[in-house]
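> A single structure is presented below for examination.
No lab work stands behind these numbers, since they all come straight from the coordinates. Everything numeric in this text was worked out from a predicted model, so none of it was measured. Cβ coordinates were reconstructed from backbone atoms using ideal geometry, including for glycine residues, and neighbour counts include every protein chain displayed.
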Amino acid sequence: MKKKHVLFVSFLCLALLIVLAAVLAPYLVPYDPFAASLTDALKPPSAEHLFGTDKLGRDLFSRVIYGSRASLASALALVACIFALGSVVGIAAGYFGGWIDAVLMRLADMMISFPGMVLAIAVAGILGASMTNAVIAVALVSWTKYARLSRSLVLKIKGCEYLAAARLTGSRTGHIMWRYLFPNAVPTLVITAATDIGSMMLELAGLSFLGFGAQAPMAEWGLMLSEGRSYMQKAPWMMVFPGLAIFCVVVVFNLLGDSLRDVLDPREEE
Amino acid sequence: MKRVSKAVAAGIAAAMMCTAMVSAAAQEHLNFGCYMYAASFDPAAYQNAAWQGMRLGVTEALFRFNDDMTVSGCLCDTYEVSEDHKTWTLHIRDGVKFSNGDDCNAQAVADSLQRLYNVCAREEYSSTPSTYIDMASITADAEANTVTLVTNVAYADLTATLCFPFYTIIDVEGDLDDESHDYTESVIGTGPYVVDSFDVTTKNAELVRNENYWKGEVPYASVSATFIEDDTTKALAIQSGDIDLTENVTTASDLATLEADDTYYVSKTSSMRTGFAYLNFAGVLGNDDLRRAVCMAVDGQTLCDVTVGGMYTYGYAVLPSSLVYDYDSLVYAYGYDVEGAKKLLDDAGIVDTDGDGIRELNGENITLRYITYVNRCLSDFAEAIQVSLAEIGINVEITNTDSDTEWNLMQAGAYDLCDSNWTTVGTGDPTAFLLNWYGDGGANLYDGENAEATNYCNYVSEEYDELYEAFTASTDVEERNRLVAQMEQVLLDDCAVLVHGYYNSAFISNATKVTGAEISTIDYYWLSSDIKPVE
């Protein structure tokens, strides 16, 4: 097995471990992550509470484990959304060209002309603060990358003879797009999506930290960081453990994306 | 060699002089980090603007509250009142000048008050001086240096009401209708400091010494009042030396850190503020059993002592226990009792039939809309109450917003619980505060059309209304106090409000640089000439 495959498998295992922790969270946590014991507030890490407790006396270890559910699920849902939306728009723009291409790409240009996070904050602010709305807000400003990428990939193969042959043999547009164009764009898009999981997770955590995403009493890492901010000096564990969780998961998914690119990139073979 | 020595000595002397000058200049300047609630200094503009001038030591009123809530003369030194308590003759202290050097005499005081009433009748001004004093006439006697206020109704003690920041005295220069004056960015008062510049966008103010201050020399030549919204930022700013003085660090852990360090002096007091949540009777909380169960599920003592780390003193009545309204005689039948709350709901048939952990009322899951904002630990209370109510099977959705949005949501009735923190005896008694629950037979219930209405929670109690009317009609202090206690008891019996506790205010100063920074019981007063540089 080549080194790059070993790396990919290692990071894939780590990512699966994280996903497994999220799925099996109810069996892993020692306490109900939402059960408050007001008199046990701000207890430091101990054998009883591995990561300590928060301001409402909730077990932080349990909340960090449960937080993986919210953070992972929302990040994966977000990446799936922008992957699907961006790919469809990009492939359509590239294949049809003309005014459809012009309209779709100018729309994409408009979206990327704003600073992404600022626009996401504005959208989340208008829609109201919730995790779903945070996903929608980030999706609205992030799909353009996939659209532009898939469009350029389609333009590259648009003039190929096998596409002309397909048209000649009477293949319908939908069939050509799904059977010939999409498979050609998919590897690059998948690599982009894999590397995006980490950054999307960070953006969602950022929105939650600012109060535009997850709302109390949800266990979500960005929100937990925000809750811990006021206790930074007296109870630093309230920020340290959710922060570490974000750091570890983002690193693992970024490295997974990189190693996947190494595996799929044909230039590496040469 | 001698020349060299002389030159070195001269150099050292010059350096020392420079250092001393820089140090003196630093001592002459105060960096004050605070929450700025208003983008204006005009007392007629809106309430927070009126407070701002007084808090920053720019304006003063005719009277002022002492720490025991008794009243002392400020710009007025003596007064007389008629037997019917409708004519008040106030003698203006001789020799007082505005910061621009103009005399603050009877005519200037009368003009200032007349201008307030004149412009507040117009829509663009939001202050409501008529709410507290129903004024019939304001006249000045230049010779006697007195101002006579005639009111349409009798007031037990107008002097306490005149402490309220609406009635700060400013130099209007004879312009009674704001024809040629705008007080947004600056106002001429009689306080120790003068607004040199004010940025309405950042809400940062630069103040300079009032050279004409009637109480003597003002200690600081200049003050930078910097708007700091976040409590932790206030604590970090004073620790880093960016500011020398700040107010109300409401994060208990940050305040504890500062208290433990001798470098900082923390002045704390039990203020006249009550933190509470309105309960909206127009929603599901109109159900008596549900409302009582909500009150019983909340461990107020632990919330005050642990969750907000002692920033509040626990109490169940709407008025602070330290006031004169016989708190100890009040009986609260719906104190903390989780099992009792569950039983109450079970007996009332408010149960969870579908097994999702949330009880239902009229076939629908109970989800309470709780609106709050990040101020004086209110959002911490909201979160703790949310988890407390989850324990008895009641779902709570919190909307954590800013104070203006919260106010709009409250006016729209889009809430079940709505956090608030009120100065309860802002005019010396709770006349205004207790209007929150006065129904006036339904006429005082806010519905969007009646802008003057003050009851936003749709609470109606004939007994309460009668007591309130008797209270406002009475000028006998003992009787008024007794009526207030009775009104409090009615609210407790009806579980009409969920009281969090009584807020403890704080003033934090860098003890190596600042002395005399004591917090007032009533938070109209922040900067004063008592706050001085350390010698």
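> Viscosity 1.002 mPa s, temperature 20 °C: what is the translational diffusion coefficient of segment A:112-181 from Stokes-Einstein with a Kirkwood Rh over Cα pairs, rounded to a whole number of µm²/s?
146 µm²/s
> While we're here: Where in chain B are the helices, taken as whole DSSP H runs, whose Cα atoms extend 15 angstrom or more along the long axis and whose Kyte-Doolittle mean reaches at least -1.0?
Counting only whole DSSP H runs, the qualifying helices are B:2-27, B:106-120, B:378-391, B:462-473, B:477-493.
> At a 10 angstrom cut-off on C-beta neighbours, averaged per residue, how do the peptides B:448-454, B:109-115 rank from highest to lowest?
B:109-115, B:448-454
> A:ARG106 to A:ASP265: extension gain in nm, 0.36 nm per residue of separation minus the Cα-Cα distance?
Between A:ARG106 and A:ASP265, full extension yields 54.2 nm more.
> Something else now. Given Cα pairs under 8 Å that are at least 6 residues apart, what percent is the relative contact order of chain B? Don't skip to the answer; put the middle values down first.
Numbers: 1132 pairs, mean separation 99.6, N = 535.
Reported as a whole number, the value is 19 percent.
> For chain B, what is the Kirkwood estimate of the hydrodynamic radius, computed as the reciprocal of the mean inverse distance between distinct Cα atoms, to one decimal in Å?
Across chain B, the inverse of the average 1/r is 25.2 Å.
> Once a ≥ b ≥ c are taken as the square roots of the eigenvalues of the Cα gyration tensor of segment B:425-535, is the result rounded (a/c under 1.5), prolate (a/b larger than b/c) or oblate (a/b not larger than b/c)?
Judged from the Cα gyration tensor, segment B:425-535 comes out prolate (a/c at least 1.5, a/b above b/c).
> Next question, about the same structure. Give me the three principal axis extents of chain A from the C-alpha atoms, as integers in angstrom, largest value leading.
Sorted largest first, the three principal extents are 76, 50, 27 Å.
> Given R₀ = 51 Å, FRET efficiency for B:ASP328-A:CYS248 by Cβ-Cβ distance, to 0.05?
It comes to 0.40.
> Still on this structure, I have one more. Using Cα pairs closer than 8 Å and at least 6 residues apart in sequence, work out the relative contact order for chain A, in percent. Working shown, then result.
Working: 396 pairs, mean separation 65.0, N = 270.
Relative CO of chain A lands at 24 percent.
> Based on other C-beta atoms within 10 Å, arrange B:ILE398, B:ILE238 from fewest to most.
Taking fewest neighbouring Cβ atoms as first place, the list is B:ILE398, B:ILE238.
> At 7 Å along the Cα-to-beta-carbon direction for both B:SER270 and B:ALA451, put a label point, then send me their distance in nm to one decimal.
Here the modelled spin labels are 4.0 nm apart.
> How far apart, in nm, are the 7 Å Cα→Cβ label points at A:PHE114 and B:SER224?
3.4 nm
> Another question about this same structure. At 0.36 nm per residue, minus the direct Cα-Cα distance, what do B:THR201 and B:GLU397 gain on full extension? Give it in nm, one decimal, please.
Full-extension gain reported as 67.3 nm.
> If amide hydrogens are placed 1.01 Å from N in the peptide plane, which non-local residues have theirs closer than 5 Å to the one on B:ASN455?
B:TYR446
> May I pose another question? Report the dimensions of segment A:1-149 along its three principal axes from the alpha-carbon atoms, largest first, rounded to Å.
The Cα atoms of segment A:1-149 stretch 65, 51, 21 Å along the principal axes, largest first.
> Between A:ALA35 and B:THR263, take the C-beta separation as r, use R0 = 35 Å, and let me know the FRET efficiency to the nearest 0.05.
0.30
> I've got another one for you. Hey, what does the equivalent ellipsoid look like for segment B:76-161, semi-axes from the Cα gyration tensor as sqrt of 5 times each eigenvalue, largest first, whole Å?
Working through the eigenvalues yields semi-axes of 21, 19, 10 Å.
> Please report B:HIS91, A:HIS5 as a ranked list, fewest other C-beta atoms within 10 angstrom at the top and most at the bottom.
Ranked by crowding around the Cβ, least crowded first: A:HIS5, B:HIS91.
> Can I ask one more? Mind checking the mean number of beta-carbon atoms from other chains within 10 Å of the Cβ atoms in A:227-234?
Mean number of neighbouring Cβ atoms from other chains: 6.
> How would B:MET272, A:MET218 line up from fewest to most surrounding beta-carbon atoms within 10 angstrom?
So the ranking, lowest neighbour count to highest, is A:MET218, B:MET272.
> To the nearest 0.05, how large is the calculated FRET efficiency for B:THR78 and B:ASP175 if R₀ is 35 Å and r is the Cβ-Cβ distance?
Computed FRET efficiency for B:THR78 and B:ASP175: 0.75.
> Compute log10 of I(q)/I(0) for segment B:271-504 with the Debye formula, placing one identical point scatterer on every Cα and leaving out solvent, at q = 0.14 Å⁻¹, to two decimals.
Scattering profile of segment B:271-504, log10 relative to I(0): -0.88.
> Let me confirm one metric for peptide B:240-252, namely the mean number of other chain beta-carbon atoms within 10 Å of its residues' beta-carbons.
Partner-chain Cβ atoms within 10 Å, mean over residues of B:240-252: 1.
> In peptide B:376-387, what is the residue-averaged number of other protein chain Cβ atoms found within 10 Å of each Cβ? Before the final figure, lay out the partial values.
Numbers: counts 0, 1, 0, 1, 4, 0, 1, 8, 6, 0, 6, 10.
That average works out to 3.
> Run the simple label-point estimate for A:LEU50 and B:GLU463 please: 7 Å along Cα→C-beta, distance reported in nm.
5.5 nm
> Let me ask something else. Within the set A:LYS43/B:LYS234; A:LYS55/B:LYS268; A:LYS43/A:LYS234; B:LYS234/B:LYS268; B:LYS203/B:LYS234; B:LYS234/B:LYS513, which residue pairs have Cα atoms separated by over 19 Å? Each step should come with its number before you reach the end.
Details: A:LYS43/B:LYS234 25 Å; A:LYS55/B:LYS268 23 Å; A:LYS43/A:LYS234 10 Å; B:LYS234/B:LYS268 16 Å; B:LYS203/B:LYS234 16 Å; B:LYS234/B:LYS513 17 Å.
Violating the 19 Å Cα-Cα cut-off are A:LYS43/B:LYS234; A:LYS55/B:LYS268.
> Related question: How much length is gained if the chain between A:ALA164 and A:CYS13 is pulled fully straight, taking 0.36 nm per residue apart and subtracting their Cα-Cα distance, in nm to one decimal?
Gain on stretching A:ALA164 to A:CYS13: 50.1 nm.
> Let me know the shape class of the protein assembly as shown, please: from the alpha-carbon gyration tensor, a ≥ b ≥ c as square roots of the eigenvalues, rounded when a/c is under 1.5, otherwise prolate if a/b is greater than b/c, or oblate.
Prolate shape, in that a/c is at least 1.5 and a/b is the bigger ratio.
> Distance from the Cα centre of segment B:28-89 to that of segment B:192-217, in angstrom?
Centre-to-centre distance over Cα atoms comes out at 16 Å.
> If you find the alpha carbon centre of segment B:227-269 and of segment B:513-535, how far apart are they in angstrom?
One Cα centre to the other: 15 Å.
> I need the shape label for segment B:31-175. Rule: rounded when a/c is under 1.5, else prolate if a/b > b/c, else oblate, with a, b, c from the alpha carbon gyration tensor. Each step should come with its number before you reach the end.
On the way: a/c = 1.38, a/b = 1.30, b/c = 1.07.
Cα axes put segment B:31-175 in the rounded bin.
> Further, regarding this structure: Just A:PHE241, A:PHE96, A:PHE209 to compare: in a GNM of chain A, with alpha carbon springs under 10 Å, which one fluctuates most?
Answer for the Gaussian network model of chain A: A:PHE96.
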